[in-house]
Amino acid sequence: MMAMLNQSHRLLFALLMAVLLNGCATTQYGNFIQNPSFDANQIMATDAAAQIVRLYPAASTQFTLGHPIKDAFGQTLIEKLRVAGFAVQEAAEPSIEQSLFAVPQPQEEQKAGIRLSYIVDQSDDLYHANLLIDDTRLSRAFIARAESVHPAGLWVKRE
């Protein structure tokens, strides 16, 4: 009886570790700037949308967001892309039950369109905007000065 109980504890521990390690291996998307100003988010998102407009044809491109939008950067980016003529499908916020018991979808059931995600973060007075468009990564640094942000370099494209 003790051996069976010990074996079930090992199995439960292994399952728990697998779930925890899976959470560590996934990339988190969104805006990670502490207390960003609304103007800073708008400036960076407007610049990001302008770069996407330069690279993709508006009327024939549909983007599918890879994560729920909860911040001003994402809301402004979606708005600017839609105004420019892009179709943007937003990701729904998963419920607790969906996140705990999610079943991977087969490829044919996944949403159509080009997958779009972003990571916005900060190091000191330098902000970083990273757009992930399918397998392409666009990055640009912005410097924060006097309640505003300004580009600190050119957009970098990595495929």
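The values are calculated or read from the model by the stated rules, or taken from the named source; none is laboratory data. Note that the coordinates shown come from a computational prediction; the quantities given were computed from them, not determined experimentally. Glycine also receives a Cβ, built like all others from the backbone with ideal geometry; neighbour counts cover every protein chain displayed.
General observations
- Test: residue in the stretch 48-63 that is at pLDDT below 95 and within 21 Å of residue 32 (Cβ to Cβ): no
- Test: residue in the stretch 91-102 that is within 21 Å of residue 41 (Cα to Cα), surrounded by 13 or more Cβ atoms within 10 Å (Cβ to Cβ) and modelled with pLDDT under 95: yes
- Candidates 129, 144 - the one that is small (Gly, Ala, Ser), at pLDDT below 95 and either farther than 17 Å from residue 50 by Cα or buried (at least 16 other Cβ atoms within 10 Å of the Cβ) (or both): 144
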